[in-house]
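Peer 1: Structure below; questions to follow.
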Amino acid sequence: MKFLYPQFLYALASLAIPIIIHLFNFRKFKTVYFSNVRFLKEVKQQTKAQSELKHLLVLLSRLLAITALVLAFAQPYIPENNQKLADKHAISVYVDNSFSMDAENENGRLLQTAQQKAEAIAQAYQNTDEFQIITNDLSGKHQRLISKELFIEELFEIESSCQTTAISKLIQRQTHNLNNSSAEDKTLYLISDFQSSNTDLERFKIDTNINIRLIPTTPYPVNNLFIDSCWISTPNPQVEQNITLHAKIINKGEKRLDIPVQLKVNGQQKAIATTDILDEAVVDLHFVCHQNGWQEATISLSDHPVSFDDKFYCVFEIKEKLFIQSIHETGTHPSLEKLFGSDDYFHFSTQNTNQLKHSDLLRQQVLILDGLSYISSGLSQTLQQFVTDGGYLIIFPSEKCDLINYQRLLQSLGTNYFLSLDKSIINITQLHKQHSIFQGVFEELNKKIDFPNIKQYFVQTQLSKTTNNPLLTLENGQALISEYQYQKGKVYLSSIGLESEFGSFSQHALFVPILYNIASHSRGNQSLFHKIGKTHIPSDLQLSKELVYELEGQDISFIPQIQKNQIGVYNQIKRAGHYQLTQQEEKIATLAFNYSRKESDPSIVSKEELEAFASKHKNIEVINAKESALTQRLNIMNNGTALWKLCLIFALGFLALEILIIKRL
């Protein structure tokens, strides 16, 4: 037992007063004369022993009453876990307001239950204590210590949020704020359903000077079906062509049968498919677009009670033309003219090295070096700039090319380079079917595929620091055609030219899908969607820092920050959907944003797991009390079991006993 105000114990010295009064009570007896002793028969006889006993009992009751009264003022208590009471407390309370807290249990909605528990926590402390409230939004106004009254006011303003924050990060933020307080006792509370995806117990950084109390709010067990992601098989879809949108569906629960999945494009239903899902499935949605421009797609399914992840938004652009240019010395190879010149989707043009317009080169998406024997330094610099900015460069060498001249260009682009021309016949032995260029080309790849014959080829270096990604490989292990990533663009380096002296590649069936898909991929894989919660999103749009853009949609509008290859949104976007990027009311692009799927997994860290973790740390405790008993439970944890009321009752009881003794004895 300990005392909150032990200085009052000095008042026990007052016990000497009734003792002194008792010992020095020299009462003088007065003689009374009676004319007749028969009157004394009516007087109650009282012996000397009885009188002394009465006085001793009165003294004892007075001493006990004074002792109990002094103890009541000293406020004795039985401490819990040997804690030391503090005059002032600093309290930080995390209220989980993520989408998972919209679930329910026997007490109703989890978020409302969490708010009630947070209020009960506040009631366990004094008005002079300091409070902080924190949520997944990490709002600026929640980064300071406030009064109890303001804490309760802000508590019930909390609403569900799409933001998710790891528990370890929240503890770090709470610890930082509490350490700024001068309070003697510092405690942080975590009220959450403790979803497995965000409860990273192993990353907790524990400050032993701060008490950590975990208060789980467990929902009813639920299953959840949600759309995880989507992609388009064709990097650059075209008008009036079949487009396939693949949607990945994940099931967290029992097997589901005949689940309908719908697709709307620009508000019109384009496709519907049904599927059976055990753990996950990919649903193929086939449709056709009839106009160019940005297409706003929405994939949806129906699932309850968790519904925030039942819709998935994405966008893609159908462009009118793809610009390709061939650079030659004596004339464009007929195979290139035949492939790209007859397709309306491609804007195919040619330039002779003797009359080059370098500004025109930078406006293309694909450049093809068609049998050049020499590359000037000016052209080399332009090509490097072209690839750096995101262009695709395809290189078919000439039989008489200047190897030193080519080496300078290829080294500047980070690729292997030519060493010599080998005029021996060699076979192609491998087609790398996993390469994205061959995606959708073969229904079934025959192991005995008929490759083009190779009569001669350029021997290349085998540098280890290049990003060599081969498409076709020769029998000696060297790549026939390789892909290299350089800055934002790509380089496709061929060991052979298109002339018949090198072989039959330009007339072979593989020539068309390889060149066609390289050109189609030249616009890059479109960013179909972005995740809400990121401060910056990647962008391949050609945006100027000098211009002011506006991003609007879902009842909000703001000016994003334009950076190189990025658009700064800084958590302005809170709702999933499609957003328009405009510049002076001219539409530049459409962007799609989706909620994070972290909250889609309903699995939680159990109370037993939390308690096992807490048992390893002296300053961590799991509290399972209901709202009605939480305040009392915290009072005991903070102040121990108070005994002052019991002492006061005893004091009154001993005073009543004294009165009883005086009157009855």
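Peer 1: Taking a cut-off of 16 Å between Cα atoms, list the lysines near residue 270, but don't count ones fewer than 8 places away on the same chain.
Peer 2: Of all the lysines, those that pass the test against residue 270 - Cα under 16 Å, at least 8 places apart if same chain - are 311.
Peer 1: Using a 10 Å cut-off around each Cβ, can you sort 484, 220 from fewest to most neighbouring Cβ atoms? Walk me through the numbers before you get to the answer.
Peer 2: Numbers: 484 20, 220 11.
Placing the least packed residue first, the sequence is 220, 484.
Peer 1: Could you work out how far helix 644-664 tilts from the main Cα principal axis of the chain, as a 0 to 90 degree angle to the nearest 10?
Peer 2: The two axes meet at around 10 degrees.
Peer 1: Could I ask something else about it? Scale the Cα Rg of the stretch 322-523 by the rule-of-thumb value 2.2 N^0.38 Å and send over the ratio, two decimals.
Peer 2: 0.95
Peer 1: Take every Cα pair under 8 Å in the stretch 342-500 that's 6+ residues apart, average their separations, divide by the length, and report that relative contact order as a whole percent.
Peer 2: For the stretch 342-500, the relative contact order is 27 percent.
Peer 1: Under 5 Å between amide H atoms, partner at least 5 residues away or on a different chain: which partners does residue 224 have, H built in plane at 1.01 Å?
Peer 2: For residue 224, whose amide H was placed from the backbone, the distant partners under 5 Å are 252, 253.
Peer 1: Please report the net charge: other residues with Cβ closer than 15 Å to the Cβ of residue 309, K and R +1, D and E -1.
Peer 2: Summing Lys/Arg as +1 and Asp/Glu as -1 gives +1.
Peer 1: Further question on the same structure: Fewest to most neighbouring Cβ within 10 Å: what's the order for 339, 493?
Peer 2: So the residues, fewest neighbours to most, are 339, 493.
Peer 1: Which one of 526, 434, 312 is farthest out on the positive end of the charge dipole of the chain, using unit charges on Cβ (Lys, Arg +1; Asp, Glu -1) and the Cα centre as origin?
Peer 2: Sorting the options by dipole projection puts first 312.
Peer 1: Can you list which of the trypsin sites (Lys or Arg not before Pro) found in the stretch 335-377 are DSSP loop residues with at most 16 other C-beta atoms within 10 Å?
Peer 2: Here the trypsin sites (Lys or Arg not before Pro) that fit, given the DSSP loop and packing criteria, are 357, 363.
Peer 1: Further question: Taking every alpha carbon pair in the stretch 509-665, what does the distance histogram look like in 10 angstrom bins from 0, in percent?
Peer 2: Whole-percent P(r) values from 0 Å outward: 8, 19, 14, 13, 14, 11, 7, 6, 4, 3, 1, 1, 0.
Peer 1: Further, regarding this structure: Please work out, to two decimal places, the log10 of the ratio I(q)/I(0) at q = 0.05, 0.06, 0.10 Å⁻¹ from a Debye calculation in which every Cα of the chain carries one identical scatterer.
Peer 2: Taking Cα atoms of the chain as identical point scatterers yields -0.45, -0.57, -1.05.
Peer 1: In 5 Å bins starting at 0, how do the alpha-carbon pair distances of the stretch 530-593 split up by percent?
Peer 2: So the P(r) values, bin by bin, are 4, 19, 33, 30, 12, 2.
Peer 1: May I ask you to order 129-135, 245-251 by the average number of other C-beta atoms within 10 Å around their residues, highest value first?
Peer 2: Order by mean packing, descending: 129-135, 245-251.
Peer 1: Let me ask something else. Lys/Arg Cβ at +1, Asp/Glu Cβ at -1, dipole of the chain taken about the Cα centre: which of 548, 131, 265 is farthest positive-ward?
Peer 2: The residue sitting most towards the positive pole is 131.
Peer 1: Then there is this: Can you give the convex hull volume of the alpha carbon atoms of the stretch 120-197 per residue, in Å³?
Peer 2: In the stretch 120-197, the Cα hull volume divided by residue count equals 104 Å³.
Peer 1: Please state the relative contact order of the chain as a whole percent: Cα pairs under 8 Å, 6+ residues apart?
Peer 2: 16 percent
Peer 1: If you don't mind, there's one more thing I want to ask. Let a ≥ b ≥ c be the square roots of the eigenvalues of the Cα gyration tensor of the stretch 224-319; is it rounded (a/c under 1.5), or, if not, prolate (a/b larger than b/c) or oblate?
Peer 2: Prolate is the answer for the stretch 224-319, as a/c is 1.5 or above and a/b outweighs b/c.
Peer 1: Another question, if that's okay. With charges only on Cβ, +1 for K and R and -1 for D and E, what is the dipole size of the chain about its Cα centre, in debye, rounded to 20?
Peer 2: Details: 63 positive and 69 negative charges, 958 e Å.
Computed about the Cα centre, the dipole is about 4600 debye.
Peer 1: Next question, about the same structure. I need 505, 558, 458, 613 ordered by Cβ neighbour count within 10 Å, fewest first.
Peer 2: 558, 613, 458, 505
Peer 1: If one computes P(r) from the Cα atoms of the stretch 169-262, what percent of pairs lie at distances over 16 Å?
Peer 2: 72 percent
Since every read-out is calculated from the coordinates, none of them should be taken as a lab result. Since we're looking at a predicted model, the values are computed, not measured. So basically every Cβ, Gly included, is an ideal-geometry build from the backbone, and we count neighbours across all protein chains shown.
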